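Novice: Quick one: the structure is below, and I'll ask about it shortly.
The values are calculated or read from the model by the stated rules, or taken from the named source; none is laboratory data. Quick caveat: nothing in here was measured; it's all calculated off a predicted structure. Positions of Cβ are generated from backbone atoms using ideal geometry, with glycine treated the same way; all protein chains shown enter the neighbour counts.
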Amino acid sequence: MARAPLLQLNDISLTFGGEPLFHDLSLVVQPGDRVALVGRNGSGKSTLMKVMGGLVEPDSGERILPPGVSVGYMEQHPDMSGFETLGAFAASGLEPGEEYRVERVAEGLKFDPELPVATASGGERRRAALAKLLAEGPELMLLDEPTNHLDIQAIQWLEEELKSTRAGFVLISHDRAFLTALTRATLWIDRGQVRRQEEGFERFEAWRDKVWEEEDIARHKLDRKIKAEARWAVEGISARRKRNMGRVRALGDLRAERAAQIKRQGTAAMNLEAGPKSGRKVIEAKEISKTYDGKPILRDFSLLVNRGDRVALVGPNGVGKTTLLKMLIGELAPDTGTVTLGTGVEMAVFDQNRATLDDDASLWENLAGDPEMRVSGKADQILVRGQPKHVVGYLKEFLFDERQARAPVRSLSGGEKARLILAKIMARPSNLLVLDEPTNDLDVETLDLLQELVSDFDGTVLLVSHDRDFLDRTVSTTVAMEGDGRATVYAGGWSDYLAQRGPREPVAERPAEKPKPAAPKPRASAPKDGLSFTEKHRLEALPGEIDRLEAEIAKLEELLSDAELFTREPVKFRKATEALAERQEKLAAAEEEWLTLAEKEAG
């Protein structure tokens, strides 16, 4: 018997600022759905997710949630007022005695539940919001950019967690590898319309390009038909006026149809122009070391960056990637050793904290107020790679309209803020591009363009990123910061680093230094040689997980025993085969984990 949908939206319409965001939008989320929600920055992805979560009321239409179905939404900016610690907030929706769920998730997401809310950063608050959602385990999870502020190890943990969940989820993310690994269907918002494809993000771009190609062909045919009918109207209407007024009206309808078509948003006209060539040696670091509060960030590290190199810094959050980056570009002095910048280095820096933007000022003021971009005596022009250009004209190249030019920066989405920073750094020639987490919040199309620009840039690139796909596509050298002051240089991108490093456990994150409460609440723990609090609950939960996996494997094996399935339903056969392999792998891992914990408990 078919199960009822988890969520249904019927004929939803919503208008923001006089512009229709959605019109007569309908969609269904089924039990177990794993859906990528994609679209351009500003297309309404986050707003649609809030409508799905019941947090935004549409102008018209209905949201249908069957009785008893629980929906959880990961808040971007959670309200933690009234909570002393992140853990108290994350556990606030749980029944008494279930706090261990937060402890388990906190280990994977790498945040301290005892951290006071008052001193927590925005990233730590977001991780607590994600932990709250995962610990509560609703039947439908709505995840808006859950990987932001996570390092690669935490992203991989979250990926495995979502792979093993039985809940349905809708996922917005800029991380291609994450989307590709997790999703089996795609919702695409394009000009107020939502299309659905029963394939994951891996097939999205081919599908999108096919839709756009068909749209272009239909538009071309319509244009030709309008042109032919217009010629007829001019040449032949006077002789057949009464008989052919219907055809004239049809021509008017064709023109109205063409005018009503919404033009696709173009790709940002981003351009990275390298300045005069630097010397062959761009950066030379010799045996540099750095220590904070007695803890080593870096020990005796040496690196030579030559002109044209593309170097990525990777490692867990808090390990010191940004510190090393600042030392390499001369913003921070090492405790020992030397860093020498080469001759003729002109630097452009993308700051992950968006510190170069004034949130209260308009987009116009952020560009025209920059001393390096200001044109003397002309308030409406800025210098773009040495040439004066109108502010609004330049903003349009980065997909901002005239109305947005006068709006405050705080009104922009995360992806739009990233585009504005890119507009600033691309306005000046440079030969050393420094990018600290540039991919956060960017849509797929802008990510594609940025990747292409970085790859083709006729200069040198230093990059910090947790985006595995972006690293593989852009960098030639990877510096892996491994904790305790260790940093190792590898050739190639993320996948090359993994292959050269060989299989081993990822290095645990070194927590960022944060003030602790004067009298922290005691946390449950086990004797030194026994099981930890989290391990004990994991040992108790594993038999149920193993039973569930064995039951799912038995059902899949029964399904695949049908000899006609491959010819009759090849797609179903492929999906069942993949699901069987996935569950068999998880079963082996769960059994191994149970044996390890049981042996540890036995001492």
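Novice: Give the number of residues within segment 410-423 that are part of a helix (DSSP H, G or I) and surrounded by fewer than 19 Cβ atoms within 10 Å (Cβ to Cβ).
Specialist: Summing the residues that are part of a helix (DSSP H, G or I) and surrounded by fewer than 19 Cβ atoms within 10 Å (Cβ to Cβ) in segment 410-423 gives 3.
Novice: Considering E124, E103, E75, E95, which residue is of a type in the set (D, E, K, R) and surrounded by fewer than 18 Cβ atoms within 10 Å (Cβ to Cβ)?
Specialist: When all the criteria are applied, what remains is E95.
Novice: Tell me which residues, restricted to segment 579-590, are exposed (fewer than 15 other Cβ atoms within 10 Å of the Cβ) and of a type in the set (D, E).
Specialist: Matches in segment 579-590: E585 only.
Novice: Filter segment 160-188 down to residues that are of a type in the set (K, R) and either touching a helix residue (DSSP H, G or I) at 6+ places or on another chain (Cβ under 6 Å) or not assigned by TED's automatic domain parsing to the domain that holds V28 (or both), then give me how many there are.
Specialist: Number of matching residues: 1.
Novice: Quick one: would you say A285 is in a strand (DSSP E or B) and under 28 Å from the mean Cα position of the chain (by Cα)?
Specialist: Judged against the criteria, A285 is not a match.
Novice: Limited to segment 42-80, what total is found for residues that are polar (S, T, N, Q) and at pLDDT 90 or above?
Specialist: 2
Novice: Now for a separate question. Out of (1) hydrophobic (A, V, I, L, M, F, W, C); (2) in contact (Cβ under 8 Å) with a residue 60 or more places away in the chain; (3) within 29 Å of P146 (Cα to Cα), the odd one out for A407 is which?
Specialist: (2)
Novice: Do the conditions hold for L324, that is, is it at pLDDT 90 or above and outside any loop (DSSP other than H, G, I, E, B)?
Specialist: Yes: the conditions hold for L324.
Novice: Check off (1) in a strand (DSSP E or B); (2) aliphatic (A, V, I, L, M); (3) at pLDDT below 90 for A4 and give me the number that stays unchecked.
Specialist: (1)
Novice: Please state which of the following conditions S302 fails to meet, knowing it meets all the rest: (1) touching a His at 6+ places or on another chain (Cβ under 8 Å); (2) in a strand (DSSP E or B); (3) not aliphatic (A, V, I, L, M).
Specialist: Just one mismatch for S302, condition (1).
Novice: To continue, here is another question. Filter segment 375-404 for residues that are touching a strand residue (DSSP E or B) at 6+ places or on another chain (Cβ under 7 Å) and not in a loop (DSSP other than H, G, I, E, B); which is surrounded by the fewest Cβ atoms within 10 Å (Cβ to Cβ)?
Specialist: The qualifying residue surrounded by the fewest Cβ atoms within 10 Å (Cβ to Cβ) is P388.
Novice: Let me ask something additional. In segment 386-420, what count of residues is obtained for those that are among the aromatic types (F, W, Y) and either within 13 Å of D443 (Cβ to Cβ) or within 20 Å of the chain's Cα centre (by Cα) (or both)? Explain how you work it out, then say what you get.
Specialist: Filtering segment 386-420 for residues among the aromatic types (F, W, Y) gives 394, 398, 400.
From what is left, the residues that are either within 13 Å of D443 (Cβ to Cβ) or within 20 Å of the chain's Cα centre (by Cα) (or both) are 398.
Within segment 386-420, residues that are among the aromatic types (F, W, Y) and either within 13 Å of D443 (Cβ to Cβ) or within 20 Å of the chain's Cα centre (by Cα) (or both) number 1.
Novice: Out of the residues in segment 159-169 that are assigned to a loop (DSSP other than H, G, I, E, B) and either more than 21 Å from L549 (Cβ to Cβ) or not hydroxyl-bearing (S, T, Y) (or both), which is modelled with the highest pLDDT? It would help to see each step written out before you state the result.
Specialist: The initial filter retains those residues of segment 159-169 that are assigned to a loop (DSSP other than H, G, I, E, B), namely 165-167.
Right, trim to either more than 21 Å from L549 (Cβ to Cβ) or not hydroxyl-bearing (S, T, Y) (or both) and you get 166-167.
Numbers: R166: 90, A167: 93.
Checking each candidate, the answer is A167.
Novice: Testing E161 on (1) in contact with a Phe, Trp or Tyr (Cβ under 9 Å, 6 or more places away or on another chain); (2) surrounded by fewer than 18 Cβ atoms within 10 Å (Cβ to Cβ), one condition comes back false. Which one is that?
Specialist: Failing condition for E161: (1).
Novice: For segment 326-370, which residues satisfy the criterion of being surrounded by 18 or more Cβ atoms within 10 Å (Cβ to Cβ), without any contact (Cβ under 8 Å) to a residue 60 or more places away in the chain and closer than 22 Å to K389 by Cα?
Specialist: S362, L363, W364, N366, A368
Novice: Related question: So how many residues does segment 297-323 have that are crowded, with 21+ Cβ neighbours inside 10 Å, over 24 Å from the mean Cα position of the chain (by Cα) and closer than 24 Å to S455 by Cα?
Specialist: 1
Novice: Quick test for you: out of D441, D472, pick the one residue that is modelled with pLDDT under 85, surrounded by 17 or more Cβ atoms within 10 Å (Cβ to Cβ) and of a type in the set (D, E).
Specialist: The conditions single out D441.
Novice: Which one of L587, L531 is modelled with pLDDT of 70 or more and not in a helix (DSSP H, G or I)?
Specialist: Details: L587 fails: not in a helix (DSSP H, G or I).
Matching residue, one of L587, L531: L531.
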